[in-house]
1. Counting Lys and Arg as +1 and Asp and Glu as -1, what is the net charge of the other residues whose Cβ lies under 11 Å from the Cβ of Lys496?
2. Measure out, as a whole number of angstrom, how far apart the alpha-carbon centroids of the range 208-261 and the range 96-119 sit.
3. Determine how large the accessible area of Met474 is when every protein chain is in place; take a 1.4 Å probe and give Å² rounded to the nearest 10.
4. So what are the ³J(HN,Hα) numbers for the range 99-114, from phi and the Karplus equation (6.51, -1.76, 1.60; θ = phi - 60°), rounded to whole Hz, Gly and Pro as x?
5. Enumerate the amide H contacts of Thr99 below 5 Å, restricted to partners 5 or more residues apart or on another chain; note that Pro and chain-start residues carry no placed amide H.
6. Tell me, what HN-Hα J-couplings in whole Hz come from the Karplus equation 6.51 cos²θ - 1.76 cosθ + 1.60 at θ = phi - 60° for each residue of the range 463-479, using x for Gly and Pro?
7. Report the label-to-label distance for His114 and His316 in nanometres (one decimal), using points 7 Å from each Cα along the Cα→Cβ vector.
8. With label points built 7 Å along Cα→Cβ from the Cα atoms of Ala371 and Arg359, find their separation and express it in nm.
Amino acid sequence: MIPRYPRRALPALAAALAVALPAGCTGSVAPGGAAGTAPRAPIAERVSDTASPALRALYDQRIAWAPCSDDGNGDPEETVVQCAVLKVPLDYADPGGETIDVALARVPAADPAHRLGSLVLNPGGPGNSGVSQVQWGWRSFDTPLHDHFDLVGFDPRGAGRTIPVTCLDDRTRDEWTSTDDPSYHHGQVLADACGAKYAKVLPFVGTRNSARDMDVLRSALGDRKLDFLGLSYGTYLGALYAEEFPERTGRLVLDGAVERSTDLLHMNGEQAAATETEFTAFAADCASAEDFCPLGTDPDTAPKRLATFLDGLKKHPLSTSGGRPVTATLGWNGVLNVLYDGHRSWERLRAAIEPAITRADGDELLKLADANTGRDEDGHFETPADAYAAIHCADAPLAPTDADLREALADLSARAPLTGSHDTRATLLDPDCRPWPYRSTEQPHTVRAPGSAPVLVVGSTGDPVTPYPWAQRMAAGFEHGVLLTREGDGHTAYDKSGCVRGAVTSYLVDGRLPEAGTHCATD
């Protein structure tokens, strides 16, 4: 994970090109056979017989879809997107108490005669908006998925328009995202601001509650079971749904697994090692190219040269045409964030570091950093960073001992000596939940979901954000997990492999799982 900023997981998904399983991918039909149109179930099947009348009423609500009010660009095709809200309890322990509105977006199935139901999507984060994913990115799924399913997105708690957690003002965030001051306590600054504004809602923004919201959504959509495609952190959301409601799982696809059987300290160390691999590969490739590379011509020394340059920005920030300096924090975060997309981003990154290194011109590097932090040219931030921290700290608190930190720092130094050295504690404590005003009771654990339908887990061998071992662990943990592997780098696989898109489509539409051990190539 890039220090202090969210695991961005809303890839620029390419149009899905494959309809059937491509050559080289084989499959088997999942239990239950091919999908069919699901009739609306009676309420007793939608919620437990012992549920309170208040919770039953929420499960029985109907969604009032209407054209979204901010389609924005006048494109007549955007009018196919509909928006709405879903009522859910703030506290599921008190379903008759205060309710909140969960923001929704939907694109109805393109082929109503062959509609199978709804496909709920989540872009990850945590903190990214599922409404935005559907409203502005639904064409990425304009394939048999869109033919057969209503594409539905929702903003999880704390994100987007669902009790949004936005703690820092723009001025404070500017310093929070750019300072190299080692005495600046990012965790305390954010915790104090969030506690002052959102003490009431922080105990209720965890992923388990969002998974419960998904079950209310499933019922309100009229689906007996949930079909779901989750990317990155969305895989953890899907996993907890399967854990909470195994008998209500339909076809779940989890791409870019966030597997939380260990604490965040160790997860961040594993992620830093995966990021280091991508960083090293980029720099070595640059030095090996026939064209001029500002990192020299030796692939073995090029990664260290790039790291040394970025670390040097602590003492010598880069100037920019707008007057804002590029600090080491901004430089590192801009570089590592663009590497999320794997080798497809290398040309863009090279174009940013070349003027920075050769002419001390930081304009292009600053653009990469601002894209990561969500800062526009006017200094306004549109970012899920606060939701990212609030959700993580509600999911599994991290309060390591000094001995834990010493051990983790030693491991980080060995596994990620370049990318982990700039701000080691921020790399490992991402986010820093130690001063957080709410202490969750959630604990790291393996999700097994006994009794669920088969869950398709997709992992990429060179994923720099969600390392491949996480996908292996998640698939192995499920009682009915199936692992599909993409050979290649970059975060998530659906947008990078026709073979993966075909396998995902085949499972969601036809119920056909890929054979165990299936590997796909990158496009």
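1. Values: positive: Arg344, Arg486, Arg501; negative: Asp255, Asp341, Asp463, Glu487, Asp489, Asp495, Asp523.
Result for the local shell: -4.
2. 14
3. 10
4. 10, 10, 9, 8, 6, 10, 9, 8, 10, x, 4, 6, 10, x, 5, 10
5. Those lying under 5 Å, H to H, from Thr99 are Leu90.
6. Rounded to whole hertz, the list is 5, x, 10, 10, x, 3, x, 5, 5, 4, 5, 5, 4, 5, x, 4, 4.
7. 6.2
8. Going from the Ala371 label point to the Arg359 one covers 1.9 nm.
The values are calculated or read from the model by the stated rules, or taken from the named source; none is laboratory data. Owing to the predicted nature of the structure, the values given are computational and were not obtained by experimental measurement. Note that each Cβ is placed from the backbone with ideal geometry, even for glycine, and that neighbours are counted across all protein chains shown. Surface accessibility is based on the protein's heavy atoms, side chains included, excluding ligands, DNA and RNA. Shrake-Rupley method; radii C 1.70, N 1.55, O 1.52, S 1.80 Å.
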